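Inspection log for the structure reproduced underneath, given as structure tokens.
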Amino acid sequence: MAAPDQIAAQLLQHLGGAENVAGVEQCMTRMRVTPVDRARIDESAVRGTDGVLGIVDDETFQIVLGPGAVTRITTAFRARLSAGGSDAQALAARGADIKAAQRRRNDTPFKNLIRKIANIFVPLIPALIGAGIVAAVRGLLVNWDAVGAAPAWVAGLIPALTAIGSAFFAYLAIFAGINAAKEFGGTPALGGAVAAIIVFPGIADVTYALPVVGEITLAPGQGGVIGAIFAAVLASWIERGLRGRIPDAIDILVTPTLALLGSGLATIFAFMPLAGAIATGIGSGAVWLLQVSGILAGFVLGGLFLPLVMLGLHQALIPIHATLIEQLGFTPLLTILAMAGAGQVGAAIAIWIRLRRNASLRRAIKGALPVGVLGVGEPLIYAVTLPLGRPFLTACLGGAVGGAVAGAFNQLVAPWGATAIGPSGWALLPLLQSDAGQGYAILAYAIGLLAGYVGGFVITMLFGFPKALLAEHGGAVDADAESAAATPSTSPTPGTRIAIAAPAEGRILSLDDVPDAAFRERTLGDGFAVDPTSGRFASPVAGTITALFPTGHAFGVTTPEGLEVLVHVGLGTVALGGEGFTVLRAEGDVVEAGDAVVDVDLDAIRDRVPSLVSPVVVLNGGAWAIVERDAEAPVVVAASAAADA
């Protein structure tokens, strides 16, 4: 992969330059850019930039770069913005304006609420991970010290690690309040101030009575992040309502005082009891659900999590995780949802095996699989399974299998989960805990992951590869064809020569001139291309049609000698769904060279696809080598048994 600064420079260019960037944020795998004008973004160029695993065009323009790389590239990107004279404050202001405009365009109450909640916690993820891992190390040292085998310095280190690992979680409500105020248009400090009431030790001195409810005694932390969000949202609402109505001369005194007083009283007398009840309900409800129907709940949650990741909405679950940790000491929800990543891994391995001819896809899997094993699923989603379609669904089902197994442990043995949020996959292992012991939690998690791997692999192998996908992406159409790919059913006789004709009238091109990297790089095999002037596409050889897409955009023909030839009509034509195509033949038909297979209305599709250039490639180039090329149609390529090459 190119250097981060080089990638950042290319991305900045493809995003329309520094003047088109109103804001930049990052999460674990994505750089989130708020553009001034989306029309100036060259999406295909961004997608094709070295190191880019995928893009998500949502409220922000999100570039999937993978863990680690996202930090280095985003840092370099910000440095280039700064060097270009962009001012952070101006960027934030412009970003807020643009976000407001985007929100008006995409204004649905539910989506707006989910996005706001997710945005509250996205900046907290690094601290959540760091504190969680420190807490896990502290737990291991405590266990070591408890068995009496640890040196003396361990006992001295434990209090320090306790403070480092626990302080952030103890005051998490304040950070949530600060970010909530940002998201809901208030002053961050006011959001933090009112949220601090929840964790203030002196809140335990507050007692009062309410009708019906009776006497209430508050406890520090009661209501947690849920109460903090309520409080900060109210403070922001009061503040916004007062701004402009209070004279400027006293605004700095009156507005924050009234906002803090009003929201603070509401926090003490309403939000803390209410949010506390909600938090208790979440904890009790989760335990009840998993104890009564852990298998079913695990199956559903494990299967649905990948779509949430794809939409970036999974971060909205963080308040629930935090609440479960507060209530139970761990979150069983996170460990079930983590199984979704296992389904991805299993599906990716199946793709690696079935599409072994597709070198570019295998390179993508090679890069994305290690981080997928560690629980970062987005590279596998955006670079592997989702673009293929059905394997994404089978990966979801694999995650459902893992989730069901994880849920079964909750239902049949004892609740277990993660003591912190952030890591996933095998990286979550040191953060597991249960009242039945950490060893039990680790065993349950490992078995669940393995079930997810196996489930994703088996389901994808069985149901993830329709014929059309195999033909288009370099896989064997079925077991027989797979065998034939490795060893042709009819062994070519050395010296055998078969002419491959142009499938349509038009100019003959080299594959080097095809505007598609997979064909240019001979990922599917060597051959040639034709820039068609006629819409009638015929078989280039005599043989049997062994693959024919229902959309008509590609077909394969196998000769009696075993030569396999693929004709791909145009580029990006699969997206037309068959519009403009008339299929004249069917799979299994025996054809002669020149027999029409597909009619295409070139004028109707010309402006709807990237190119009409149509590659023709030899799929089993290991057995057949191209030994002669002719620039004139109809005979343009001669193939011969490899032994003759």
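The residues of region 143-174 that are open to solvent by 50 Å² or more (accessible area, probe 1.4 Å), of a type in the set (A, V, I, L, M) and under 21 Å from Ala427 (Cβ atoms) amount to a single one, Ile164. Restricted to region 126-140, and to residues there that are open to solvent by 20 Å² or more (accessible area, probe 1.4 Å) and aliphatic (A, V, I, L, M), the residue that is nearest to Ala195 (Cα to Cα) is Ala127. Check region 187-194 and report whether any residue there is at negative phi, without any contact (Cβ under 8 Å) to a residue 24 or more places away in the chain and in a loop (DSSP other than H, G, I, E, B). No, the conditions are met nowhere in region 187-194. Inside region 538-548, residues that are surrounded by fewer than 24 Cβ atoms within 10 Å (Cβ to Cβ) and touching a residue at least 60 places away in the same chain (Cβ under 8 Å) make up a count of 2. Do you know which residues across region 16-50 are modelled with pLDDT of 80 or more, open to solvent by 10 Å² or more (accessible area, probe 1.4 Å) and of a type in the set (A, V, I, L, M, F, W, C)? Scanning region 16-50 gives Ala18, Val36, Ala39, Ile41, Ala45.
Checked against (1) modelled with pLDDT of 85 or more; (2) β-branched (Val, Ile, Thr); (3) over 20 Å from Gly224 (Cβ atoms), Ile133 passes all but a single condition, namely (1). All of Thr323, Thr267 fail the test of being within 24 Å of Gln438 (Cβ to Cβ), touching a helix residue (DSSP H, G or I) at 6+ places or on another chain (Cβ under 6 Å) and in contact (Cβ under 8 Å) with a residue 40 or more places away in the chain, apart from Thr323.
When Ala400, Ala441 are checked against the criterion of being under 21 Å from the mean Cα position of the chain (by Cα) and small (Gly, Ala, Ser), a single residue qualifies: Ala400. Take Phe230 and decide whether it is touching a Phe, Trp or Tyr at 6+ places or on another chain (Cβ under 6 Å) and more than 18 Å from Met339 (Cα to Cα). The answer is yes for Phe230. A single member of Gly281, Gly264, Gly303, Gly285 is surrounded by 23 or more Cβ atoms within 10 Å (Cβ to Cβ) and either within 37 Å of the chain's Cα centre (by Cα) or closer than 20 Å to Ile198 by Cβ (or both), and it is Gly303.
The values are calculated or read from the model by the stated rules, or taken from the named source; none is laboratory data. Just so we're clear, the structure is a prediction, and the values are computed from it rather than from any experiment. Here Cβ is always computed from backbone atoms with ideal geometry, including for glycine, and neighbour counts include all displayed protein chains. Calculation scope for accessible area: heavy atoms of the full protein, side chains included, ligands and nucleic acids excluded. Shrake-Rupley method; radii C 1.70, N 1.55, O 1.52, S 1.80 Å.
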